[in-house]
Amino acid sequence: MGEKIAQALTEMSAGKYSSLCVPSEERAPASKVDVSLVRKETAALRGRLAGLIQAARYQPSFPQKSGRRIEAGALPRLATKDPRVFRQEAEQVAVNTAVTILLDRSGSMCGDRLEVASQAALAAALALDSIPGVEVSAAAFPGSTGNNVISVMTAFGESARATAKNYGIASTGGTPTANALYWAGSRLANRPEPRKMVLVITDGDPNDLFAAIEARKTLETSKIEVFGIGIQVPTITSVFPKSRSINDVSALPSALFEVLRAELTKK
């Protein structure tokens, strides 16, 4: 009976998105991508994230005056009439998260803007991929054949390093943010990780503002956290209440890190 209930819930969860306009997938075309360009940035991001996560997980135990468990190593304190012999119990932060990075590749993201953005997305994917407990996927929108197609760069279960060649993407089309969010939701719905996140990098307003807001709300109803980083998009908060706005694409790597730092180490 338990197995049947679990199967029914899984089918219901998948159906929540299959009944909507979920875009089809295409594999981002392979191209020559110089990973060394993001190696330094990736190492710094990975080191800082890993350090923060380790700090969040590790909670040193200090003897206390009261408690339920005695700290064996603190018993000699009794000889000096020091009552701090009880073990402190601290809540730890566990990292068990699935992250999807969505990169806007619309026509306005041409030139250096898309190059820096795709390198930042690759750096983040490489860094997250190396942290135990974190699963990552990355995709660009729209696809090369239309707004209702998503171009997948790294799928869940794939190595970010092995798929780095897929990040040499070109700008095209409009900004179908709602379509991209529904796609991300459909892929995250059945992930086993208890925490699920979508991070959208964009430089413009969605083709359909109200549809994008509705899509974001749909994901949040499914317990999927949605964040946005807007490049010269002052209205980014109207779509993504949890967002960062930057004035120059050069600030994207640091903004991306700050969002990941704050969220992945949060209880």
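Quick notes
- Selection from region 104-130 of residues that are more than 12 Å from the chain's Cα centre (by Cα) and either within 18 Å of residue 188 (Cβ to Cβ) or hydroxyl-bearing (Ser, Thr, Tyr) (or both): 106, 108, 118, 130
- Residue that is farthest from residue 249 (Cα to Cα) [pool: residues in region 101-115 that are in contact with a helix residue (DSSP H, G or I) (Cβ under 8 Å, 6 or more places away or on another chain) and either open to solvent by 40 Å² or more (accessible area, probe 1.4 Å) or among the aromatic types (Phe, Trp, Tyr) (or both)]: 112
- Hits in region 236-251 (condition: touching a helix residue (DSSP H, G or I) at 6+ places or on another chain (Cβ under 9 Å) and modelled with pLDDT of 85 or more): 238, 239, 240, 241, 242, 243, 244, 245, 246
- The lone exception for residue 251 - which of (1) within 20 Å of residue 112 (Cα to Cα); (2) open to solvent by less than 30 Å² (accessible area, probe 1.4 Å) it fails: (2)
- If you go through region 252-261 and pick out every residue that is at pLDDT 80 or above and among the charged types (D, E, K, R), you end up with 1.
- In region 131-140, residue surrounded by the most Cβ atoms within 10 Å (Cβ to Cβ) [restricted to those that are among the aliphatic types (A, V, I, L, M) and within 13 Å of residue 193 (Cβ to Cβ)]: 136
- Residues within region 215-224 that are out of contact with any helix residue (DSSP H, G or I) (no Cβ under 7 Å at 6 or more places or on another chain) and not hydroxyl-bearing (Ser, Thr, Tyr), tallied: 3
- The lone criterion from (1) at pLDDT 90 or above; (2) open to solvent by 40 Å² or more (accessible area, probe 1.4 Å) left unmet by residue 200 is number (2).
- Among the residues making up region 141-179, those that are under 14 Å from the mean Cα position of the chain (by Cα) and surrounded by 17 or more Cβ atoms within 10 Å (Cβ to Cβ) are 154, 160.
- Of all residues in region 204-247 being more than 18 Å from residue 106 (Cβ to Cβ) and free of Cβ contacts under 8 Å to residues at least 12 places away in the same chain, the one that is nearest to the chain's Cα centre (by Cα): 220
- Inclusion of residue 122 among residues that are buried (at least 19 other Cβ atoms within 10 Å of the Cβ) and under 23 Å from residue 251 (Cβ atoms) is warranted.
The values are calculated or read from the model by the stated rules, or taken from the named source; none is laboratory data. Quantities reported herein were computed from a predicted structural model and do not represent experimental measurements. Positions of Cβ are backbone-derived with ideal geometry, glycine not excepted, and every protein chain shown enters the neighbour counts. Areas reflect the complete protein model, heavy atoms only, side chains present, ligands, DNA and RNA absent. Shrake-Rupley method; radii C 1.70, N 1.55, O 1.52, S 1.80 Å.
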